[in-house]
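Here's the structure, in structure tokens; my notes come after.
The values are calculated or read from the model by the stated rules, or taken from the named source; none is laboratory data. Remember, it's a predicted structure, so these values are computed and weren't measured experimentally. Positions of Cβ are backbone-derived with ideal geometry, glycine not excepted, and every protein chain shown enters the neighbour counts.
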Amino acid sequence: MLNSANQVIMEIEASKPAGNGLVMGGLSPLSETLWREKTNTEFVGDVSARLTWKDLTVMVTLSNGDTQNVLEGLTGYAEPGSITALMGPSGSGKSTLLDALSSRLATNAFLSGTILLNGRRTKLSFGTAAYVTQDDNLIGTLTVRETISYSARLRLPDKMPWSEKRALVESTIIEMGLQDCADTVIGNWHLRGISGGEKRRVSIALEILMRPRLLFLDEPTSGLDSASAFFVTQTLRGLSRDGRTVIASIHQPSSEVFELFDRLYLLSGGKTVYFGQASEAYEFFAQAGFPCPALRNPSDHFLRCINSDFDKVKATLKGSMKLRFESNDDPLEKITTAEAIRTLIDFYRTSQYCYAAREKVEEISKVKGTVLDAGGSQASFFMQSFTLTKRSFINMSRDFGYYWLRLVIYVVVTICIGTIYLNVGTNYNSILARGSCASFVFGFVTFMSIGGFPSFVEDMKVFQRERLNGHYGVTAFVLSNTISAMPFLMLITFISGTVCYFMVRLHPGFLHYLFFVLCLYASVTVVESLMMAIASIVPNFLMGIIIGAGIQGIFMLVSGYFRLPKDIPKPVWRYPMSYISFHFWALQGQYQNDLNGLMFDNQTPDLPKIPGEYILETVFQIDVNRSKWVDLSVIFSMIVVYRIIFFIMIKINEDVTPWVRGYMARRRMQQKNGTLNTTVAPDGLTQSPSLRAYVDRTGTTER
């Protein structure tokens, strides 16, 4: 560690600019102190981020094997203390450029060119760069302060006192201007919460909590009104003035928002239209022959010049009275947008702005700054698991639709069951009545657990956002989700099971009662685990409910009630389907629990009573030699298996699926072209969201 530190110091000393001989420190004292504590470095250097990209080209492979350049020959830079806006019409490549710079390209995208951070090729780690997505995936039942506090506990070191963590949380709240809504809930479908602009600032606050040097934002003003967009952008400008490097894609800012930008990168069709100071864009367009009218928003004018959709707008408005009698000196009225784009791109390539950008990129690339590899969470696995469990428990307890609504429905349904099978007794007709009651309870009552799938999907969205930014590992998430749900599932099953058991008057005895409610709890938990596994694969809640309902329907068919076990066709349906159906094991166990030891009346009084064991063997075809507790243990083992499947599905989505998609993309391109195009630089190939490199480097993900 010391040798590498000395080597970096020597490089920094050799790269110091002339003059005062100092390299500007990029962060505020609070940010720099936090960074030093986090990385355990003993030397003082430049902790700012200077990002450059040269001749950047991104090519994607289509389903038919063809390739298409999404970005072509882009060159630019971003410096600390500035905010760089990526602008352009829809489909111009803004988000692709942002993903390429932040190492989040899709698996079918291939990158060539040079991207340097502080003069070095480096994979942007989680702590070094933060990425704020366009969607605000937040837990709606938590307050703003709770949201940021839990994030601090998840990522800051355990040895850091809570008083310091709280001070960092409060300073972040103040920095983002969230003091007035700090104790207001985020809001969801039944809780009125903060505004859209405040949600966006909370999303930004979560990512700047670790004081990253580099901040990427994907359309942070999208969906906001002009005032909210201005305050969000003003906040970003304040963050940049703290020494951070801020790069944001912006769709169509107002004139007030545009004035807050330091640099502007204008794209059209994946090519550079303009890159330079935002205030000098007026002069550039005027020199190119497209001056901005006096009363027009500059960003509107720039986008109008390079957006081909405006040709259709002009064609639509040609017959209007306004355009017929109004003289217009706008040069765009005389040429098509395609010609204007070509003119602007060609003019930029030979302009002083292009030469200045290339010279600046070369200058920055030569300065070898400090390599910061402070990625991932600094909290221990135990702290992550404890914090996630507590946060999830609070969310479940506050969200009425998560478990409380299901508790009400379960109690109502079991009361209905109790009234229909009230005091079922031991007469001859009660034999089939007891069987149908157990089948309904463990079939259709447990089926209602799929109603919690929308909540699972929301949890997965929050997990995916936090996981991609390195907040915690998969094991901690799966473990905390399992533990936090247990008290609610126990409450639901014990209350509803007790109502059903005593109203129907099932087999008396505490052990029989305990088995009934435990079997109901295990069955409901299996359904929950199954739906969580589905939620990790299917992000759409409607499709997930349909898939979950289909799987449960098949499991109910082979449960042994609708078709007796020995009558089920052996290939596929009996072996293995009936044995992987939890309904089968639940009914086997409950039939034994309820009928074993009871005596039932025969069809006529003169005939002898029928023992429950005889009914189990002949009517329901139950293996009485197998204990009912074995059946219950099989269901509990299914819970573990489904949770392991849940874990595996997440890992496959992270590591295997991106690799397979990238491999298939290369194969399609190879089959189309005859040979793989090796001119695409393999060193620059970035395939996200695979987290394998992060897992291997930090070791904090799976502990």
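Any residue at all in region 155-166 that's of a type in the set (Asp, Glu) and under 30 Å from Arg398 (Cβ atoms)?
Scanning region 155-166 turns up at least one residue that is of a type in the set (Asp, Glu) and under 30 Å from Arg398 (Cβ atoms).
Out of all the residues in region 98-119, is one or more over 22 Å from Thr75 (Cβ atoms), out of contact with any helix residue (DSSP H, G or I) (no Cβ under 6 Å at 6 or more places or on another chain) and among the aromatic types (Phe, Trp, Tyr)? Checking region 98-119: not a single residue is over 22 Å from Thr75 (Cβ atoms), out of contact with any helix residue (DSSP H, G or I) (no Cβ under 6 Å at 6 or more places or on another chain) and among the aromatic types (Phe, Trp, Tyr). The listed residues are Gly177, Gly187, and the only one of them that is touching a Phe, Trp or Tyr at 6+ places or on another chain (Cβ under 8 Å) and either among the polar types (S, T, N, Q) or in a loop (DSSP other than H, G, I, E, B) (or both) turns out to be Gly177.
Pairing residues of region 587-605 that are assigned by TED's automatic domain parsing to the domain that holds Asn429 and aromatic (Phe, Trp, Tyr) with residues that are crowded, with 24+ Cβ neighbours inside 10 Å and not in a loop (DSSP other than H, G, I, E, B), at Cβ distances under 7 Å and at least 6 apart in sequence or on separate chains, gives Tyr591/Ala438. Looking at region 143-168 only, could you name the residues that are outside any loop (DSSP other than H, G, I, E, B) and either among the aliphatic types (A, V, I, L, M) or in contact with a Pro (Cβ under 8 Å, 6 or more places away or on another chain) (or both)? Scanning region 143-168 gives Val144, Ile148, Ala152, Leu154, Ala167, Leu168.
Could you name every one of the helices (runs of 4 or more DSSP H) located completely within region 430-538 that has at least 2 residues being farther than 28 Å from Ile204 by Cβ, within 23 Å of the chain's Cα centre (by Cα) and of a type outside the set (Gly, Ala, Ser)?
Working: elements: 430-440, 453-468, 474-504, 510-535.
It comes to 474-504, 510-535.
Within region 53-76, none of the residues are among the basic types (Lys, Arg) and outside any strand (DSSP E or B). Among the residues of region 212-231, those that are within 26 Å of Leu168 (Cα to Cα) and either more than 22 Å from the chain's Cα centre (by Cα) or not β-branched (Val, Ile, Thr) (or both) comprise Pro212, Arg213, Leu214, Leu215, Phe216, Leu217, Asp218, Pro220, Ser228, Ala229, Phe230, Phe231.
Within the span defined as region 606-620, every residue fails to be touching an Asp or Glu at 6+ places or on another chain (Cβ under 9 Å), in contact (Cβ under 8 Å) with a residue 40 or more places away in the chain and among the aromatic types (Phe, Trp, Tyr).
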